[in-house]
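The values are calculated or read from the model by the stated rules, or taken from the named source; none is laboratory data. All of these numbers come straight from a predicted model, not from anything done at the bench. Glycine also receives a Cβ, built like all others from the backbone with ideal geometry; neighbour counts cover every protein chain displayed. Surface areas here come from the heavy atoms of the whole protein model, side chains and all, with no ligands, DNA or RNA. Shrake-Rupley method; radii C 1.70, N 1.55, O 1.52, S 1.80 Å.
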Amino acid sequence: MSVREEFDDWATSGRDKGMEERHWHTAKHALARMPVEPGDTILDLGCGSGYAGRALRDNADAGRVYGLDGSPEMARNATEYTDDPQVGYVVGDFGSLPFADDSIDHVWSMEAFYYAADPHTTLEEIARVLRPGGTFYCAVNYYEENVHSHEWQEFIEIEMTRWDREQYREGFRDAGLRVAEQDNIPDREITIPSEGEFPLEDWDTRDAMVERYREYGTLLTVGVAP
Amino acid sequence: MSVREEFDDWATSGRDKGMEERHWHTAKHALARMPVEPGDTILDLGCGSGYAGRALRDNADAGRVYGLDGSPEMARNATEYTDDPQVGYVVGDFGSLPFADDSIDHVWSMEAFYYAADPHTTLEEIARVLRPGGTFYCAVNYYEENVHSHEWQEFIEIEMTRWDREQYREGFRDAGLRVAEQDNIPDREITIPSEGEFPLEDWDTRDAMVERYREYGTLLTVGVAP
Amino acid sequence: MKESLLEILRCPLDKHELELEDAEYADDEDGDGDGNEVVDGTLVCAECGERYPIEDGIPNLLPPDMREETPA
Amino acid sequence: MKESLLEILRCPLDKHELELEDAEYADDEDGDGDGNEVVDGTLVCAECGERYPIEDGIPNLLPPDMREETPA
Ligand SMILES: Nc1ncnc2c1ncn2[C@@H]1O[C@H](CSCC[C@H](N)C(=O)O)[C@@H](O)[C@H]1O
Ligand SMILES: Nc1ncnc2c1ncn2[C@@H]1O[C@H](CSCC[C@H](N)C(=O)O)[C@@H](O)[C@H]1O
């Protein structure tokens, strides 16, 4: 199945909004760390509903914000959620970004990078479009150390890249990005039921759920273009 | 009064340990974000008791860790707190770092940078000693937005630099460092008494204390050498 | 899409500039000084000639082999 | 200080290399392959000749005008 087929379906069934709500718990902390200067141009890779770009416009004084997504339906939804003339959406693929060299100040990507058919190519493309000193904020919940995420691959037909923390740093460096930070951002907002309510449909034990959200949370890797 | 006179006194009266305990609440979160690779060389500017370097040796597989402090008594104490042969201390001043160009992988500094007689010179020195791609993790509790810290200057005879968030980013950039991140790290561990116990000696209202610790916390600015 | 997006948009195949053809603009210009809103048209690579559609105001810059017709 | 520190230590005034003079070493070498522990001695700038003391094993690289005698 293609990215388009898979995620057009997610978009038309409203999963873009569901992801926005859940991902916001950790994404907002990562977004708050971005050194956005007034007027900076931001690119959101795999933007889904586009909440990250909207937040950077509203709270960080970003200039233009572009969301790229491989699913036309995702981009269409995202367009409907805003009438900010400084926000724009583009349908495109992580494998060959349709942007000029050095044209972007900051690239953001949440829960999307690992769908790239070739993550190394995508990192090189990101390094190419970033201006010198620009940052790449890469946030993922699906990664090696987060054992609770491993089964996700079973539910999706696109092959996912499951790197560990070190592979992320290595991959960034191989593409010429300097690694500035790596962090696990806990999700402190998701409701974790009391012991007596387990097992739940998705969680056998409360400990596992606590580990998944409060400990592993979202893995953030920050790279800087040289 | 000189840095040496002021802080030798702090060291001999045990304030190095008190700072370690309080600063650890937020410093550990910043330290955990540092992209330290096995064998990396770390420099801790204004190391005090040296806890940051010891933590990076114990938890992050750092290679050599050097602490620089302008107070010989601080350095002497720090030396006594470890027998790790890969940890060393140096007495020196932020104004002219006694290290070779490109010799350090990561510079760390907690609650010390603002004592530099000329912060711009110090940033240039940091950019000089960092190898290309090396990071500077600068953590401060004394800064413009943290209004509760402003009075600290009254209790210390060394002139302190009170930059705001933007001035930190600007200062970094002026010295040639790329700004990768800026964040407020809340102190979630300090005990804040219940409403009824206020006013305290140091805090008129509970709200003020909550704002100081849970909201403003520690300002972290991360720079990357080009 | 805003016409200003063309400044940084490039052909995904060869990263050359794109030219806007057959543009249709939205009726109500918002007067924000940021150029006009293009609702329909085609982006053409100045180098390789590859053509990319603008659908409902959203440019589709997928590489041609990944671009499919909108399912019925 | 470990002798290996000399690899990256420089004169604060002109950033030139330092030479170790009158070194006294700790009795018990820890055999960690990282050179010897210098407990006393002087670091001398190969360029400007400025001298920096090693006190209790800790090199004092303060610029000379900031270096004071230990208060009584
Ligand atoms: N190869 C690819 N190229 C472009 N977009 C892709 C892609 N693979 C997946 N995507 C997009 O990436 C998104 C992942 S879902 C995450 C959406 C959003 N960032 C959020 O945090 O909620 C989907 O919208 C999907 O269409
Ligand atoms: N100009 C200067 N040069 C070198 N060290 C300095 C300095 N000004 C202040 N310091 C040192 O900076 C330290 C500040 S106190 C903070 C100590 C430690 N980083 C901690 O987090 O607890 C003191 O040890 C003081 O001696």
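Students often forget the sequence filter, so: which lysines lie under 22 Å Cα-Cα from D:Lys15 once same-chain residues fewer than 8 apart are removed?
Those lysines meeting the cut-off are D:Lys2.
To the nearest 20 debye, what charge dipole does the protein assembly as shown have about its Cα centre, counting +1 at the Cβ of each Lys and Arg and -1 at the Cβ of each Asp and Glu? If you can, show how the numbers build up before the last one.
Numbers: 52 positive and 140 negative charges, 4 e Å.
For the protein assembly as shown, the charge dipole is close to 20 debye.
At a 1.4 Å probe radius, which order do B:His148, A:His23 fall into by accessible area, largest first? Walk me through the numbers on the way to the answer.
Numbers: B:His148 40, A:His23 20 Å².
Result of the area sort, largest leading: B:His148, A:His23.
Which order do you get for D:Cys48, B:Cys47 if you rank them by accessible area with a 1.4 Å probe, largest at the top?
Final ranking, largest accessible area leading: D:Cys48, B:Cys47.
If you roll a 1.4 angstrom probe over the protein chains with everything in place, what fraction of the accessible area of the protein assembly as shown belongs to carbon and sulfur, to the nearest %?
C and S atoms contribute 42 percent here.
From the backbone phi of region B:39-46, what are the Karplus-calculated ³J(HN,Hα) couplings (6.51 cos²θ - 1.76 cosθ + 1.60, θ = phi - 60°) in whole Hz, Gly and Pro given as x?
3J(HN,Hα) across region B:39-46, in whole Hz: x, 4, 9, 10, 10, 9, 8, x.
Give the cross-link partners of A:Lys28 among the lysines, using a straight C-alpha distance below 16 Å as the criterion and excluding same-chain residues fewer than 8 apart.
Partners within reach: A:Lys17.
State the percent of C-alpha pairs, over all pairs in region B:3-225, separated by a distance greater than 27 angstrom. It would help to have the intermediate numbers written out before the result.
Numbers: 7250 of 24753 pairs.
Tail of the P(r) past 27 Å holds 29 percent of the pairs.
Given H placed on each backbone N at 1.01 Å, which residues far from A:Glu181 in sequence or on other chains put an amide H within less than 5 Å of it?
Amide H neighbours of A:Glu181: A:Val222.
Residue-wise, which Karplus ³J(HN,Hα) couplings in Hz belong to region B:51-67, taking 6.51 cos²θ - 1.76 cosθ + 1.60, θ = phi - 60°, and x for glycine or proline?
Couplings: 4, 5, x, 4, 5, 5, 5, 6, 10, 10, 6, 4, x, 8, 10, 10, x Hz.
Suppose all protein chains stay in the model; what accessible area per residue would a 1.4 Å probe give for the protein assembly as shown, in Å²?
For the protein assembly as shown, the solvent-accessible area averages 43 Å² per residue.
Quick one: angle between helix B:119-129 and the longest Cα principal axis of chain B, in degrees between 0 and 90, rounded to 10, please.
40 degrees
I need the GluC sites (Glu not before Pro) found in region B:1-102, filtered to DSSP loop residues with at most 14 other beta carbons within 10 Å of theirs.
Nothing satisfies the criteria.
In degrees from 0 to 90, rounded to the nearest 10, what is the angle of the helix A:15-33 Cα long axis to the longest principal axis of chain A?
70 degrees
Measure nothing fancy, just the Cα-based angle from helix A:3-12's long axis to the longest principal axis of chain A, in degrees from 0 to 90, nearest 10.
70 degrees
Return a whole-number percent for the relative contact order of region C:3-66, with Cα pairs under 8 Å and 6 or more residues apart as the contact set.
Values: 107 pairs, mean separation 19.1, N = 64.
Relative contact order for region C:3-66 comes out at 30 percent.
For B:Cys47, which sequence-distant residues (separation of 5 or more, or a different chain) have an amide H within less than 5 Å of its own amide H, given hydrogens modelled in the peptide plane?
Counting only residues 5 or more places away or on other chains, the set is B:Leu68, B:Asp69.
Helix-only mean residue ellipticity at 222 nm, the protein assembly as shown, DSSP H runs n ≥ 4 weighted -39,500 (n - 2.57), per residue, nearest 500. What is it?
-7500 deg cm²/dmol
In nm, what does the list of distances from B:Arg22 to its counterparts in the other copies look like, shortest first, when each label sits 7 Å along Cα to Cβ?
Here B:Arg22 shows inter-copy label distances of 4.2 nm.
So if I take the centroid of the Cα atoms in region A:82-97 and the same for region A:1-38, what is the distance between those two points in Å?
13 Å
May I ask which residue of A:His23, A:Val224, A:Val91 lies farthest towards the positive end of the charge dipole of chain A, with charges of +1 (Lys, Arg) and -1 (Asp, Glu) on Cβ and the Cα centre as origin?
A:Val224
Which parts of region C:1-24, residue by residue, lose 40 Å² or more of accessible area when the rest of the protein chains are there, as against the chain isolated (1.4 Å probe)?
SASA drop of 40 Å² or more in region C:1-24: C:Leu5, C:Ile8, C:Arg10, C:Lys15.
Please list the non-local residues whose amide H lies under 5 Å from the amide H of A:Leu97, H modeled 1.01 Å from N, same-chain partners needing a gap of 5 or more.
Hits under the 5 Å cutoff: none.
Please figure out what share of the DSSP beta bridges in region B:3-225 is antiparallel and state it in percent, rounded to the nearest 5.
Rounded to the nearest five, the antiparallel share is 40 percent.
State the Kirkwood hydrodynamic radius of the protein assembly as shown in Å, one decimal place, computed from all pairs of distinct Cα atoms.
Roughly 26.4 Å, rounded to one decimal.
Using unit Cβ charges (K, R positive; D, E negative) and no other charged atoms, how large, in debye to the nearest 20, is the dipole of region B:3-225 about its Cα centre?
800 debye
May I ask you to derive the relative contact order of chain B, considering only C-alpha pairs under 8 Å and at least 6 residues apart, and to give it as an integer percent?
Computed value for chain B: 19 percent relative contact order.
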